[in-house]
Amino acid sequence: MPKIRTSRTKPPPEGFEEIESVLEDYARKMRDAENESHEGKRKTESLWPIMRVSHTRSRYIYELYYKREAISKQLYEWLIKQGYADANLIAKWKKPGYEKLCCVRCIQSKDMNYQGSTCICRVPKAQVKAGTVVECVHCGCRGCSSDS
(Lines give C-alpha, C1' and ligand atoms only; values in the text may rest on other atoms or scores of the structure.)
Protein backbone atom coordinates (compact mmCIF):
# COMPACT_ATOMS: atom_id res chain seq x y z
CA MET A 1 0.00 0.00 0.00
CA PRO A 2 1.53 3.33 -1.03
CA LYS A 3 2.28 5.87 1.67
CA ILE A 4 0.08 8.93 1.91
CA ARG A 5 1.74 12.03 0.53
CA THR A 6 1.54 15.14 2.71
CA SER A 7 3.02 18.61 2.44
CA ARG A 8 6.06 17.48 4.49
CA THR A 9 6.97 14.49 2.31
CA LYS A 10 9.42 14.82 -0.53
CA PRO A 11 7.81 15.39 -3.92
CA PRO A 12 8.00 12.49 -6.37
CA PRO A 13 10.90 12.42 -8.83
CA GLU A 14 10.56 13.61 -12.39
CA GLY A 15 8.47 11.31 -14.55
CA PHE A 16 5.91 10.35 -11.89
CA GLU A 17 3.23 12.48 -13.54
CA GLU A 18 3.39 10.24 -16.62
CA ILE A 19 2.52 7.07 -14.70
CA GLU A 20 0.40 8.61 -11.94
CA SER A 21 -2.92 7.95 -13.70
CA VAL A 22 -2.10 4.25 -14.12
CA LEU A 23 -1.10 3.99 -10.46
CA GLU A 24 -4.35 5.72 -9.47
CA ASP A 25 -6.26 3.10 -11.48
CA TYR A 26 -4.43 0.37 -9.55
CA ALA A 27 -5.29 2.16 -6.28
CA ARG A 28 -8.97 2.23 -7.29
CA LYS A 29 -8.86 -1.47 -8.17
CA MET A 30 -7.21 -2.17 -4.81
CA ARG A 31 -9.96 -0.30 -2.95
CA ASP A 32 -12.61 -2.25 -4.87
CA ALA A 33 -10.87 -5.53 -4.04
CA GLU A 34 -10.61 -4.60 -0.36
CA ASN A 35 -14.28 -3.60 -0.17
CA GLU A 36 -15.52 -6.65 -2.07
CA SER A 37 -17.80 -8.93 -0.09
CA HIS A 38 -16.27 -12.17 1.12
CA GLU A 39 -19.54 -13.98 1.74
CA GLY A 40 -19.36 -17.63 0.78
CA LYS A 41 -15.63 -17.59 0.11
CA ARG A 42 -13.05 -19.85 1.67
CA LYS A 43 -10.77 -18.62 4.45
CA THR A 44 -8.03 -17.05 2.31
CA GLU A 45 -9.98 -16.69 -0.92
CA SER A 46 -11.05 -13.13 -0.05
CA LEU A 47 -7.38 -12.04 -0.23
CA TRP A 48 -6.83 -13.33 -3.77
CA PRO A 49 -8.08 -10.22 -5.62
CA ILE A 50 -5.87 -8.04 -3.42
CA MET A 51 -2.85 -10.23 -4.19
CA ARG A 52 -3.60 -10.04 -7.93
CA VAL A 53 -3.80 -6.23 -7.93
CA SER A 54 -0.61 -5.98 -5.92
CA HIS A 55 1.11 -8.39 -8.33
CA THR A 56 0.00 -6.54 -11.46
CA ARG A 57 1.01 -3.15 -10.03
CA SER A 58 4.46 -4.50 -9.10
CA ARG A 59 4.75 -6.11 -12.54
CA TYR A 60 3.87 -2.81 -14.22
CA ILE A 61 6.63 -0.98 -12.34
CA TYR A 62 9.09 -3.83 -12.96
CA GLU A 63 8.46 -3.76 -16.71
CA LEU A 64 8.68 0.04 -16.85
CA TYR A 65 12.14 -0.02 -15.30
CA TYR A 66 13.75 -3.29 -16.40
CA LYS A 67 12.06 -4.16 -19.71
CA ARG A 68 11.10 -0.87 -21.34
CA GLU A 69 13.53 1.39 -19.45
CA ALA A 70 10.83 4.07 -19.41
CA ILE A 71 11.46 5.40 -15.89
CA SER A 72 14.58 6.61 -14.11
CA LYS A 73 16.37 4.77 -11.32
CA GLN A 74 15.42 7.55 -8.88
CA LEU A 75 11.73 7.18 -9.73
CA TYR A 76 11.94 3.37 -9.52
CA GLU A 77 13.58 3.49 -6.08
CA TRP A 78 11.09 6.11 -4.91
CA LEU A 79 8.16 3.90 -6.03
CA ILE A 80 9.64 0.94 -4.15
CA LYS A 81 10.22 3.04 -1.03
CA GLN A 82 6.69 4.47 -1.15
CA GLY A 83 5.19 0.97 -1.37
CA TYR A 84 3.86 1.04 -4.91
CA ALA A 85 5.69 -2.22 -5.69
CA ASP A 86 6.89 -5.28 -3.78
CA ALA A 87 10.70 -5.12 -3.74
CA ASN A 88 11.12 -8.77 -2.69
CA LEU A 89 8.92 -10.02 -5.52
CA ILE A 90 10.76 -7.89 -8.09
CA ALA A 91 14.08 -9.21 -6.79
CA LYS A 92 12.87 -12.76 -7.46
CA TRP A 93 11.61 -11.89 -10.97
CA LYS A 94 15.17 -10.95 -11.92
CA LYS A 95 16.41 -14.49 -11.14
CA PRO A 96 16.14 -17.33 -13.68
CA GLY A 97 13.23 -19.66 -13.02
CA TYR A 98 11.21 -17.06 -11.13
CA GLU A 99 10.23 -14.78 -14.03
CA LYS A 100 6.50 -15.46 -13.58
CA LEU A 101 6.38 -15.87 -9.78
CA CYS A 102 2.98 -14.85 -8.38
CA CYS A 103 3.97 -14.09 -4.78
CA VAL A 104 6.94 -14.58 -2.48
CA ARG A 105 4.89 -16.75 -0.13
CA CYS A 106 4.67 -19.50 -2.76
CA ILE A 107 8.41 -20.18 -2.58
CA GLN A 108 8.65 -20.20 1.22
CA SER A 109 8.86 -23.77 2.44
CA LYS A 110 7.60 -23.10 5.98
CA ASP A 111 3.94 -22.59 4.98
CA MET A 112 3.63 -25.70 2.82
CA ASN A 113 2.11 -29.10 3.58
CA TYR A 114 5.33 -30.98 3.05
CA GLN A 115 8.49 -29.77 4.74
CA GLY A 116 11.05 -28.39 2.30
CA SER A 117 8.65 -28.10 -0.63
CA THR A 118 7.14 -25.16 -2.49
CA CYS A 119 3.61 -24.29 -3.53
CA ILE A 120 1.68 -26.42 -6.05
CA CYS A 121 1.49 -23.45 -8.43
CA ARG A 122 5.29 -23.64 -8.83
CA VAL A 123 5.11 -27.14 -10.34
CA PRO A 124 5.35 -27.08 -14.17
CA LYS A 125 2.04 -27.96 -15.83
CA ALA A 126 3.69 -30.81 -17.73
CA GLN A 127 4.44 -32.54 -14.42
CA VAL A 128 0.93 -32.18 -12.96
CA LYS A 129 -1.46 -35.09 -13.55
CA ALA A 130 -4.04 -34.45 -16.25
CA GLY A 131 -7.37 -33.31 -14.85
CA THR A 132 -5.85 -31.96 -11.64
CA VAL A 133 -6.87 -28.40 -10.83
CA VAL A 134 -3.82 -26.45 -9.73
CA GLU A 135 -4.75 -23.53 -7.52
CA CYS A 136 -2.60 -21.96 -4.82
CA VAL A 137 -4.26 -21.79 -1.42
CA HIS A 138 -2.45 -18.57 -0.51
CA CYS A 139 -2.97 -16.38 -3.57
CA GLY A 140 -5.20 -18.26 -6.03
CA CYS A 141 -2.49 -18.60 -8.68
CA ARG A 142 -3.06 -21.32 -11.27
CA GLY A 143 0.57 -21.84 -12.18
CA CYS A 144 3.51 -19.48 -12.13
CA SER A 145 6.30 -21.86 -13.00
CA SER A 146 8.55 -20.62 -15.78
CA ASP A 147 8.21 -23.98 -17.51
CA SER A 148 4.41 -23.81 -17.70
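The values are calculated or read from the model by the stated rules, or taken from the named source; none is laboratory data. Since the structure is predicted, the reported quantities are computational estimates derived from the model, not experimental observations. Glycine also receives a Cβ, built like all others from the backbone with ideal geometry; neighbour counts cover every protein chain displayed.
If you check Y84 against the conditions, is it among the aromatic types (F, W, Y), at pLDDT 85 or above and outside any helix (DSSP H, G or I)?
Yes, satisfied.
Any residue in the stretch 58-71 that is more than 16 Å from F16 (Cα to Cα) sitting within a Cβ distance under 9 Å of a residue that is among the small types (G, A, S) and modelled with pLDDT of 95 or more? List the pairs, counting only those 6 or more apart or interchain.
So the pair list comes out as R59/A85.
Can you tell me which residue is nearest to the chain's Cα centre (by Cα) among those in the stretch 1-19 that are surrounded by 12 or more Cβ atoms within 10 Å (Cβ to Cβ) and in a helix (DSSP H, G or I)?
I19
For the condition assigned to a loop (DSSP other than H, G, I, E, B) and either modelled with pLDDT under 95 or touching a helix residue (DSSP H, G or I) at 6+ places or on another chain (Cβ under 9 Å) (or both), what is the one hit in R142, R105?
Result of the check over R142, R105: R142.
Answer yes if at least one residue in the stretch 112-131 is in contact with a Cys (Cβ under 7 Å, 6 or more places away or on another chain), surrounded by fewer than 18 Cβ atoms within 10 Å (Cβ to Cβ) and among the polar types (S, T, N, Q), and no otherwise.
Scanning the stretch 112-131, I find at least one residue that is in contact with a Cys (Cβ under 7 Å, 6 or more places away or on another chain), surrounded by fewer than 18 Cβ atoms within 10 Å (Cβ to Cβ) and among the polar types (S, T, N, Q), so the answer is yes.
Quick check on my filter: what residues within the stretch 33-58 are farther than 24 Å from I80 by Cβ and of a type in the set (D, E, K, R)?
Within the stretch 33-58, E36, E39, K41, R42, K43, E45 qualify.
How many residues does the stretch 57-81 hold that are surrounded by fewer than 12 Cβ atoms within 10 Å (Cβ to Cβ) and assigned to a helix (DSSP H, G or I)?
2
Of everything in the stretch 34-56 that's surrounded by fewer than 18 Cβ atoms within 10 Å (Cβ to Cβ), among the hydroxyl-bearing types (S, T, Y) and outside any loop (DSSP other than H, G, I, E, B), which residue is farthest from the chain's Cα centre (by Cα)?
S46
Pick from the stretch 108-139 the residues that are in a loop (DSSP other than H, G, I, E, B) and of a type in the set (A, V, I, L, M): which of them is modelled with the lowest pLDDT? Don't jump to the end; show me each part of the working.
To start, the set of residues in the stretch 108-139 that are in a loop (DSSP other than H, G, I, E, B) comprises 108, 112-119, 123-124, 128-139.
Then keep just the ones that are of a type in the set (A, V, I, L, M); that gives 112, 123, 128, 130, 133-134, 137.
Numbers: M112: 69, V123: 85, V128: 84, A130: 84, V133: 79, V134: 79, V137: 84.
Once the filter is applied, the top-ranked residue is M112.
On the basis of being of a type in the set (K, R) and surrounded by 16 or more Cβ atoms within 10 Å (Cβ to Cβ), does R142 make the cut?
Values: of a type in the set (K, R): yes; surrounded by 16 or more Cβ atoms within 10 Å (Cβ to Cβ): no.
No: the conditions fail for R142.
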